[in-house]
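Notes for the one structure printed next.
The values are calculated or read from the model by the stated rules, or taken from the named source; none is laboratory data. What you see is a predicted model, and the numbers here were worked out from it, not measured in a lab. Cβ atoms come from the backbone with ideal geometry, glycine included; neighbour counts cover every protein chain shown. Accessible surface is based on the protein model in full, side chains and every heavy atom, while ligands, DNA and RNA are left aside. Shrake-Rupley method; radii C 1.70, N 1.55, O 1.52, S 1.80 Å.
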Amino acid sequence: MKYRILVADDEIELLEVLELYFKRENWEIIKAKDGKEALENFERADLVVLDIMMPEVDGIEVLQEIRKKSLIPVIMLTAKSQDFDKIIGLDLGADDYITKPYNPMEVVARVKAQLRRNYGALKSNKENREVVVGNMKLNKTTGEFFYNKRPIDLTSTEFKILTLFMENINIIFTKEQIFSYVWEDEFMNDENTIMVHISRIRNKIGDSNRNIIKTIKGLGYKMVEEDD
């Protein structure tokens, strides 16, 4: 399958460099030089790489608009090293982020991981596999998640974290193990990424008291039955 990757960045030279690397992977690039063009074209893409600092409409606004309509995987690009930008992006539903300046091969690797997680595994498995834990039901084939029989929209990253927990009830996972499973990469000592995604999941399943996904101090996280 030839994937379409939308890359939104006002630095035209970076778009041209990524186009060369994407062609080697047999990916089609959809280039957007600002947020307005990104919003006009994201529905044609399989994945979005989105710069935060852009004219017309910035990347945060673009992400918010995308999430109103789609759960397409989104990787944010930020020129800032502060955790603030990263946390905002993840909190609004981004699946991953890359800090500028970056190596184009890192972008390729991150895109591959998202494509594999969002399209490879689900499309290759024809069985209707469901995982049920208490009031939660997760369908690994369709990507659907239900809480109290109510459908809940999840990003691909949130879905993968829930899959790990629901298939391994009462098992403690370190941040390193969660990162390795979800991002399919070595842990990069970025605990905020995992914390933000788990916080979003807790909000979506009404787990503000942390009775379902428990934080085990000094170790990591585990999921338990609600009546545990």
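Among the residues of region 217-228, those that are in contact (Cβ under 8 Å) with a residue 60 or more places away in the chain and assigned to a loop (DSSP other than H, G, I, E, B) comprise Glu225, Glu226, Asp227. Mind listing whichever residues of region 181-216 are at pLDDT below 90, open to solvent by 50 Å² or more (accessible area, probe 1.4 Å) and either more than 21 Å from Asn135 (Cβ to Cβ) or in a strand (DSSP E or B) (or both)? Within region 181-216, Tyr181, Glu184, Asp185, Glu186, Phe187, Met188, Asn189, Glu191, Met195 qualify. Checking every residue in region 119-132 against the condition of being part of a loop (DSSP other than H, G, I, E, B) and at pLDDT 90 or above gives zero matches. How about region 12-44: which of its residues are open to solvent by 80 Å² or more (accessible area, probe 1.4 Å) and either in contact (Cβ under 8 Å) with a residue 40 or more places away in the chain or at negative phi (or both)? Result: Glu13, Glu16, Leu20, Lys23, Arg24, Lys31, Lys33, Lys36, Glu40, Glu43, Arg44. Could you tell me whether Ile161 is at pLDDT 90 or above and in a helix (DSSP H, G or I)? So Ile161 passes the test. Residue pairs whose Cβ atoms lie under 7 Å apart, separated by 6 or more positions or on different chains, with the first residue in region 188-211 and more than 15 Å from Thr157 (Cβ to Cβ) and of a type in the set (Ser, Thr, Tyr) and the second in a helix (DSSP H, G or I) and modelled with pLDDT of 90 or more, are Ser208/Arg202.
Taking every residue in region 83-96 that is closer than 13 Å to Ile198 by Cα and among the β-branched types (Val, Ile, Thr) and pairing it with any residue that is assigned to a helix (DSSP H, G or I) and at pLDDT below 80, at least 6 positions away or on another chain, the pairs with Cβ-Cβ distances below 9 Å are Ile87/Asn192.
Looking for something acidic (Asp, Glu) and in a loop (DSSP other than H, G, I, E, B) - is there at least one such residue anywhere in region 70-84? Lay out the reasoning, then the answer.
First, the residues of region 70-84 that are acidic (Asp, Glu): 83.
Then drop every residue that is not in a loop (DSSP other than H, G, I, E, B), which leaves none.
Checking region 70-84: not a single residue is acidic (Asp, Glu) and in a loop (DSSP other than H, G, I, E, B).
Quick check: anything in region 52-66 in contact (Cβ under 8 Å) with a residue 40 or more places away in the chain, within 14 Å of Leu18 (Cβ to Cβ) and open to solvent by less than 20 Å² (accessible area, probe 1.4 Å)? Scanning region 52-66 turns up no residue that is in contact (Cβ under 8 Å) with a residue 40 or more places away in the chain, within 14 Å of Leu18 (Cβ to Cβ) and open to solvent by less than 20 Å² (accessible area, probe 1.4 Å).
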